[in-house]
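**Student:** Here you go, one structure.
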Amino acid sequence: MGISKKKLGVVIGIPSISSAILIVLLLSMTFTYYAPLNMGIDVDKYSVHLTVWHNGKLVSHHAGNLTDYGEIWFRAKAFRSNATIGAQNMTFWGNTNSTTAYSETWTSLPDEITTGNMTDGANRYQSEGASIEFIGNNQANITFVFNPTETNTTRRAGLYSQATGNYLICTDVISPIINYGAGDTITLEFSITVDEA
């Protein structure tokens, strides 16, 4: 199981901090104060993985990538230094059939699929409620089930912090690719882990 190039974590000597940081990163509301900049972000301490099922059958599970914007988003969440980002949650899904090589500078998936019930009208689908699961002190799983209504192929998925616009936080290839049809189910789950100090 690989580890992505950039990782986020906390290097403070209090184990319970990991849980608090993870909750702040994923589900925090707007903050109006600034945390000290010696808080201790270590970009070698996080991991993100994507697990994919097609019609209930496991397709793939491996490490994903954090975009440049994703790193900014994580740091702003952890330091509570940006009220706009503080109000955003990493729960919006996108898919693409593009074969374009991944770049950390991406802010959106190239040629994102927007037809066939792969989006909620003009907006990306969002994971909510029971689709966001916390495990222990340092892991969150974010899941969504797509129910396509047309034939297409998805080669890559990503998580965004907003329903529209260029706010791609993390992404991963789907390998082998999924050739789906109407009536299929595609279940995607990003697992984000912050190593405990």
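Bear in mind these aren't lab numbers, they're just calculated from the coordinates by the rules spelled out. Remember, predicted model here, so these are calculated numbers, not experimental data. Glycine also receives a Cβ, built like all others from the backbone with ideal geometry; neighbour counts cover every protein chain displayed.
**Student:** Long-range amide H contacts for Cys170: which residues qualify at under 5 Å (H placed 1.01 Å from N, peptide plane, sequence gap of 5 or more or a different chain)?
**Tutor:** Here Thr67, Leu159 satisfy the definition.
**Student:** Still on this model: Less than 19 Å from a label point 7 Å out along the Cα-to-Cβ axis of Ala122: which backbone N atoms in the stretch 153-177 qualify, by residue?
**Tutor:** 161-167
**Student:** Convert each backbone phi in the stretch 154-159 into a coupling constant with the Karplus relation 6.51 cos²θ - 1.76 cosθ + 1.60 (shift: θ = phi - 60°), then list the ³J(HN,Hα) values in order as whole Hz, x for Gly and Pro.
**Tutor:** With the stated coefficients, the stretch 154-159 comes to 10, 10, 7, 10, x, 10 Hz.
**Student:** Per 0.36 nm of contour for each residue apart, how much would the distance between Leu58 and Thr114 grow if the chain were fully extended, relative to their Cα-Cα spacing?
**Tutor:** Numbers: separation 56, 0.36 × 56 = 20.16 nm, distance 2.41 nm.
Fully extending the segment from Leu58 to Thr114 adds 17.7 nm.
**Student:** Out of residues 5 or more away from Val59 or on other chains, whose amide H comes under 5 Å of its own, with H placed 1.01 Å from N in the peptide plane?
**Tutor:** So Val59 has HN proximity to Val52, Trp53, His54.
**Student:** Continuing with the same structure: Thr107 to Ile135: extension gain in nm, 0.36 nm per residue of separation minus the Cα-Cα distance? Kindly include the intermediate steps, with their values, before the conclusion.
**Tutor:** Values: separation 28, 0.36 × 28 = 10.08 nm, distance 2.85 nm.
Extra length available between Thr107 and Ile135 comes to 7.2 nm.
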